[in-house]
Amino acid sequence: MKATTCLLALAALGVWACDFNITDPNSPGPIGTDPSRADVADHVIGVILAARSDAADWNLDAGILGREAYRFDGSDPRFISEFLNGPLDPGGGAFGGDHWIEEYNAILSANQLLDVIGTATRLTAAEQNGTRGVVETLKAYEFVMVLMGHAEDSIPVDVDLPIGAPPAPLVSNDSAFTFVSSLLDAADAHLAAGGTALPFTLPAGFTGFADVAGYRKFNRALKAAVEVYRGSLGCGAPCYTTAKGLLESGATFIDTSATANLAAGVYFDYSTNPGDAPNPLFQNPQTGENFVNPRIKDSAETKPTTGLDDRFTSKTVPRPITTTENLTSDVGWIRYPATTAQIPFIKNEELILLRAEANNALALPVLAANDVNYIRVTSGGLAPIAGLAAQTQAQILGAILHERMYSLLYEGHRWFDLRRTGRLGPYLKDRATDAVFPTLPIPLDEVLARK
Amino acid sequence: MAHRIVLVCVGLVFGGTLAAQQRAIAGKVTGSLDGKAIAGASVAVVGTARLAATNGSGEYTVLAPAGPVTLSVRAVGYKRKVLNVSGEQTTADVVLEADIFNLDAIVVTGQATGVEQRNLANAVTTVRAEDLNRAPTGTLEGALQGKIPGALIQENSGAPGGGVQINLRGVSTINASVDPLIVVDGIIISNDAIGNNLNAITAAAAGGNASNQDNPVNRIADLNPADIDKIEVLKGASAASIYGAQAANGVIIISTRRGQAGAPQFRMTQRLGESHVIHVLKSRVFRDSVEADSVYGTKAQTYCRPTCPYFDNISPLWDRHPLSSETDLSVSGGSDQTRYFVSGLVKRDGGIAPGTGYDKQAARVNLDQQLGSRWTLNFQTQAIHSLSHRGISNNDNSGTSPYLVFPLTPSFVDLRPTGSRISDYPVNPFERSNPLQTYAFLRNDEDVWRILATATLGWQPVATDRQTLRFTFTGGLDNFTQRNDIFSPPELQFEPNDGQPGTVVLGKTQNTNVNALGNAVYTLTPASRAYRATTSLGVQYFDKSLNFTNLVGRNLPPGQINIDQATSIAVNQDLQPIRDLAIFGQEEVLGLDERLLLTVGARGERTSRNGNVKRFFLYPKAAASYRFPALGGSAGDELKLRAAWGQTGNQPNFGNKFTPSATGTIGGLFGSSAGFTAGAANIRPERQTELEGGADATLANGRLNVNLTGYTRTVSDLILVQTPAPSSGRAASVFNGGRLRGRGIEVAAGYVVTQTPTVSWLVHATFTKTTSKVLALPVPAFQVGGFGTSLGAFQVEVGKSATQIVGNDSLGNVVQVGDGTPDFQLSLANDLTYRRFGLSFLWDWKHGGDVINLTELLFDLFRNSEDWATGGRQRRALFFKGETQPYVQDASYLKLREATLSYHLPASAVHQMFGDRVRNATVSLSGRNLIRITKFRGIDPEVSNFGNQAIARNIDVAPFPPSRSIFFSIDLDF
């Protein structure tokens, strides 16, 4: 008995010595210094994952705001009430206040890796530079996403701060675009010093762009897009000239040759594999909640043979007429026809239209008209517009935007295109009570954190 | 540490000094009122460790030392009696008086100590077996409704199988655990609420809304109420500090029934009953095509030509009147040395919706073994199996939850099937699913196997007239496996919508709680007998390991339920290992002729959940009570004043100290990115400080007993989640800060209207009022629940009630539009007996407390509410002006929780019907929630879309409607 008691006492002692230091069994923590090659690879992919997290959602929301799409969602009326009618609620993370934190989370992920990449002794200096270039390019892309949705001259840029630090100062959209442009150049310089191969594998959506030389073409393509955006937002000729230079120098992957693939570009991948995500924009086109705004059908041109613009017919499909809240549509989406359908970062077809836009702005209408008509014929199966080069600069811009609408349908561009070219207006309203919003509000949490 | 071993080993020295000479005293214990034998009464020889219990016939035999001795006789429900027995006497019969208010009952004061209710310095509520089992209940929590002053106990949904929130004394936290600690036979058992991931179907957590809408069951539901002897409820820090940092929401201490010496006593209860829905919302009746077109456009034209047909698609979903049954069988018996209690339960509750229901089987063995004169061994073990079929309800984003489908489905569409095949159910042309089809073919099962086992070794090396020393060592295990099987066949209308028809969810959660507890209790009475001091010391180790795994398979071939056949599989695992270690001590002094009780105690506790795992956090307490006997000259009357102060904690949630990365794959490549939540490496427990004062009076010659309690508590170091500027890339950062205050008044009163051998009438009432106020908040006001301000949200704001609901007014201002906390609660119980008849009923009245009624909002929004013309139209118009107010509704209710009419069969009838063996037979008819009076316009004023919540529970979004039940029962003793 005494032995038993003492055993119990010893058991109590044993308990005393138990290890209470339990590490997180569910997830890795933030990347530390001197990351291994695998750590670096994981975190590069992590930045792509973080960037992907808002890609589809942006395409839908910007599609609704830019009058490409409807979502008739019985469970959540806000896709109609808030996005078409307003006001945009900066407090609700899913609607008005959206398309901000996901982008900044990707930027944080990028910064966490950039902060330690210099300590990675298991990578060569060239590999470190290649990694920097890849990650900085993705980070710049995320800033572009923020800028596409927000036009209130309140963009935090210097966000690489420790937890608890005061929020980063706000800068104008113009300054932020300048910052992005420089960041892309810095990334390109890093890539230039990055040797030939990257020290990690990129997903299938980067096929053709997964080595240093290929990735630089992606970087320069983004730079060209940013310069065109900046050009239309006030920078004018200098930016257009930069864009034109990039698009005509072979720095990008623009291609209008006989073997050109308009879809060539860099994409987000989706799948139903474990840990992966299916493309949420894929729905049963006949029964899904997402519809095509009928004005897309109404303004689609007819081909010289028969039928509507190939781009329209290949991305949409007729469905039974549905009316909700006085909104009606009989067109469904097949732009993303499978759970594995990719969503583009940027693609050849856009580059051609960016070149047209730059040339038109630089008063080179013939070059612009050539690219517009090339897209019309090659991508839409339409007839070229006769005498386009003779039209006014504004008319040619209108034609470019019209082609962008069908070439980049449901890819998150139209709302921003209309805004940066000053073409948002009441004509876009489907119902008299609707509103057309020029920008998403800065999220309430961002505002509150600065009070 | 060393001194502990010393303590134990000093104890050993006292062994083997027992007086050798012995004699036996025998007798019978009976009740004064009816003269009936009292079974299970304890007869103790004062000043020794000698103890005996009466058998089923009220008889006892106790061994006593030679010479005159004093016997102390005690039985539940009776006043303690002390009698002197001379040295020659060998028999002593005892007559005990009824103790209606249980003033002589021992109530817990620590981990291993207790005092008589009459001296207790805290407002501890005891609920006894007879109060628990009056009317059958689906799960245990339901049986507590209306019986505990200070507790708000509400059903989260009507889905069979449980899901009830027990809130003691209002808001005690914002982000930490909200559930009381459940202690069964000395060990901490799991009350986890583990989601079934119905979200894979409902997508409720998509679209930026919080998750946790899966309608989970908290696992206290597994316990069998029939096994319970008593439940003691410690409501706040002043009583519960000895349980440390898991006790901030109070402690529910459950003691299971023990065997009684004697021949086997069987008890059998057979119940048969039915349940039916209390209330459903219906949809609008459309007169003609003009009305229908105005809402549905041309789509309505094929249905209304021009008169619209009317089909009630809603009622058929909830119109089952299923048969429920319950069989309880227990046997108790044994010798002086060995006593046993064995019970079994088979229970089936039908569900009001097709395919729903709840089955439970449980078996228990409790053994008490005397090992010589100083050692005792108690062993409790229970195995439980439950299987619930819970259907699909609550919020969704996929058009699958019935009450999110009905608002969009006009009544001129007929959704009723033409046959029993899946294809015989019409496609709902107005929304993504046909709920009748969904309920007929979607399976949502929760299968739980659970084992509870506890062993307690007691050793009393010292038992003299003046001092006793007792050690107890308790080891306990609580192990359960919860399996969730959800199967949604590919042929269901909504299934093809995601491009992956067919969904199967396979969830498996394994939880193991290991408890080890050692206690030493020393009592000292000086020769002068001026006081009795009780010193207790203890150590407690707690180890919990929860392993949640969940697989979601999509895209299934028709007819396949095996997850292997799915073309896409998502896997999720969550591991939560937790370790706690605590030491505690307590000193109680009862003096001044047992009038004054003074208590001080403290617990030091460390846990792996804290940032600093080495630090012991200290939780002290102190309490005092003083009894003024013979108040007003009447012998039975007295007044006790009491005051208690104490602290408890609320441990950080598992993972609060970690900053996890987000991970995933893309194109087969693994990636790791910054998580949205930043943890706090220095996180520490919340701290609750409570001061409680009260007066307990027995008046009117002992016929009236009133307990009045007031408390004020402050919770500091709240675990808060700061919202950093989202441009930091983080959505949340965890830290300690802020202060919250809770205050309240609780009254419990009992009155004996009359008590004679033929008639008795007892009335019990409870009153509860709590308020809360946020005193300090180092972050801007934030919302903790709801769907954004416009739809009504719970907002934590300095200077406001913690449960305030804010919304928009017509000018776009954010204003308070309600409060979830009721103004007060009142319950009234009556127990009447007349000869062989008994009648009892319990009213439960909640006054005030608002609920956000989003189910009605959805009907209004889609212009489909039943009262569209008379109410819905106006509410919708106000809502579109920006006003939230129409949907934040007063959820006061008056419910007849329990009503039971019973009849004790006369001996002749018992003999005739059941033969010789049966001693007693009682038949009864009982009902639960028979009457419900409320102005609330939603499904039910109790429901909670987000399950158990610290603050944001009162949100009605498409719940499973609660039901009422009626049972016929027969109890047999043989």
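Remarks
- Residue match in region B:873-882 (condition: touching a helix residue (DSSP H, G or I) at 6+ places or on another chain (Cβ under 7 Å), free of Cβ contacts under 8 Å to residues at least 60 places away in the same chain and either farther than 27 Å from residue B:846 by Cβ or in the same structural domain as residue B:57 (by TED's automatic domain parsing) (or both)): yes
- Residue selected from region B:89-109 under the condition under 19 Å from residue B:703 (Cα atoms) and outside any loop (DSSP other than H, G, I, E, B), by the criterion modelled with the highest pLDDT: B:96
- Near pairs, Cβ below 6 angstrom, 6+ apart or cross-chain, from region A:383-402 (under 11 Å from residue A:370 (Cα atoms)) to any residue that is basic (Lys, Arg): A:384/A:376
- Meets criteria (polar (S, T, N, Q), open to solvent by 10 Å² or more (accessible area, probe 1.4 Å) and over 28 Å from residue B:241 (Cβ atoms)) for residue B:54: no
- Applying the condition of being within 15 Å of residue A:435 (Cβ to Cβ) and modelled with pLDDT of 95 or more to region A:62-82 and asking which residue is nearest to the other protein chains (Cβ to nearest Cβ) yields A:64.
Every residue, every condition in (1) crowded, with 22+ Cβ neighbours inside 10 Å; (2) among the basic types (Lys, Arg); (3) touching a Phe, Trp or Tyr at 6+ places or on another chain (Cβ under 6 Å), yes or no:
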site: B:407; (1), (2), (3): yes, no, yes
site: B:416; (1), (2), (3): no, yes, no
site: B:424; (1), (2), (3): no, no, no
site: B:458; (1), (2), (3): no, no, no
site: B:472; (1), (2), (3): no, no, no
site: B:477; (1), (2), (3): no, no, no
site: B:481; (1), (2), (3): no, no, yes
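- Against the numbered list (1) assigned by TED's automatic domain parsing to the domain that holds residue B:648; (2) over 30 Å from residue B:245 (Cβ atoms); (3) not basic (Lys, Arg), residue B:734 comes up short only at (2).
- Residues that are under 38 Å from the mean Cα position of the chain (by Cα), under 14 Å from residue B:502 (Cβ atoms) and modelled with pLDDT of 90 or more, drawn from region B:565-578: none
- Entry remark, region A:66-90: residues being in contact with a strand residue (DSSP E or B) (Cβ under 8 Å, 6 or more places away or on another chain) and open to solvent by 30 Å² or more (accessible area, probe 1.4 Å) number 1 in total.
- Breaking point among (1) in a strand (DSSP E or B); (2) surrounded by 20 or more Cβ atoms within 10 Å (Cβ to Cβ), for residue B:816: (2)
- In region A:99-116, residue nearest to residue A:62 (Cα to Cα) [restricted to those that are out of contact with any Lys or Arg (no Cβ under 7 Å at 6 or more places or on another chain) and surrounded by fewer than 21 Cβ atoms within 10 Å (Cβ to Cβ)]: A:111
- Inspection of region B:401-421 finds a residue satisfying the criterion of being part of a helix (DSSP H, G or I) and without any contact (Cβ under 8 Å) to a residue 40 or more places away in the chain.
- Cross-chain or 6+ apart pairs with Cβ under 8 Å, region B:130-152 first and at positive phi, then of a type in the set (Phe, Trp, Tyr) and at pLDDT 90 or above: B:146/B:843
- The requirement of being of a type in the set (Lys, Arg) and either more than 30 Å from residue A:393 (Cα to Cα) or in contact with a strand residue (DSSP E or B) (Cβ under 6 Å, 6 or more places away or on another chain) (or both) is fulfilled nowhere in region A:299-317; no residue meets it.
Table: residues versus (1) open to solvent by less than 10 Å² (accessible area, probe 1.4 Å); (2) in contact with a His (Cβ under 9 Å, 6 or more places away or on another chain); (3) among the polar types (S, T, N, Q).
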{"position": "B:143", "(1), (2), (3)": "yes, no, no"}
{"position": "B:156", "(1), (2), (3)": "yes, no, yes"}
{"position": "B:169", "(1), (2), (3)": "yes, no, no"}
{"position": "B:174", "(1), (2), (3)": "no, no, no"}
{"position": "B:196", "(1), (2), (3)": "yes, no, yes"}
{"position": "B:213", "(1), (2), (3)": "yes, no, yes"}
{"position": "B:218", "(1), (2), (3)": "yes, no, yes"}
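- The residue that is farthest from residue B:944 (Cα to Cα), among those in region B:744-801 that are modelled with pLDDT under 90 and assigned to a strand (DSSP E or B), is B:755.
For every residue, the table says whether it meets (1) closer than 18 Å to residue B:749 by Cβ; (2) not polar (S, T, N, Q); (3) not in a loop (DSSP other than H, G, I, E, B).
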{"position": "B:111", "(1), (2), (3)": "no, no, no"}
{"position": "B:123", "(1), (2), (3)": "yes, yes, no"}
{"position": "B:126", "(1), (2), (3)": "yes, no, yes"}
{"position": "B:130", "(1), (2), (3)": "no, yes, yes"}
{"position": "B:134", "(1), (2), (3)": "no, yes, no"}
{"position": "B:138", "(1), (2), (3)": "no, yes, no"}
{"position": "B:142", "(1), (2), (3)": "no, yes, yes"}
{"position": "B:146", "(1), (2), (3)": "yes, yes, no"}
{"position": "B:149", "(1), (2), (3)": "yes, yes, no"}
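- In region B:208-304, counting only strands (runs of 3 or more DSSP E) that sit wholly within it, the ones holding 3 or more residues that are closer than 30 Å to residue B:400 by Cβ span B:262-277.
- Complete set of residues in region A:432-451 that are open to solvent by 40 Å² or more (accessible area, probe 1.4 Å) and assigned to a loop (DSSP other than H, G, I, E, B): A:432, A:433, A:438, A:450, A:451
- Looking across B:286, B:311, B:266, one residue alone is touching a residue at least 24 places away in the same chain (Cβ under 8 Å) and within 31 Å of the chain's Cα centre (by Cα). It is B:266.
- Filter result (among the β-branched types (Val, Ile, Thr) and either within 13 Å of chain A (Cβ to nearest Cβ) or surrounded by 19 or more Cβ atoms within 10 Å (Cβ to Cβ) (or both)) within region B:526-571: B:534, B:539, B:549, B:552, B:563, B:567, B:569, B:571
- Members of region B:55-77 that are within 36 Å of the chain's Cα centre (by Cα), assigned to a loop (DSSP other than H, G, I, E, B) and modelled with pLDDT of 85 or more: B:58, B:75
- Single residue of region B:369-389 satisfying the filter (more than 14 Å from chain A (Cβ to nearest Cβ) and in contact with a Gly (Cβ under 6 Å, 6 or more places away or on another chain)) that is surrounded by the fewest Cβ atoms within 10 Å (Cβ to Cβ): B:389
- Scanning region A:135-189 for residues that are part of a strand (DSSP E or B) and open to solvent by 40 Å² or more (accessible area, probe 1.4 Å) yields a count of 2.
- Hits in region B:883-908 - residues which are loosely packed, with under 14 Cβ neighbours inside 10 Å and closer than 28 Å to residue B:136 by Cβ: B:906, B:907
- Within region A:397-451, considering residues that are in contact with an Asp or Glu (Cβ under 9 Å, 6 or more places away or on another chain) and aromatic (Phe, Trp, Tyr), the one nearest to residue A:153 (Cα to Cα): A:415
- Check on residue A:291, touching a residue at least 60 places away in the same chain (Cβ under 8 Å) and within 14 Å of chain B (Cβ to nearest Cβ): yes
The values are calculated or read from the model by the stated rules, or taken from the named source; none is laboratory data. Only a predicted model underlies this, so the values are computations on that prediction, with no experimental measurement involved. With ideal geometry, Cβ positions are generated from the backbone for all residues, glycine too; neighbour counts draw on all protein chains shown. Side chains included, ligands, DNA and RNA excluded: accessible areas come from the protein's heavy atoms. Shrake-Rupley method; radii C 1.70, N 1.55, O 1.52, S 1.80 Å.
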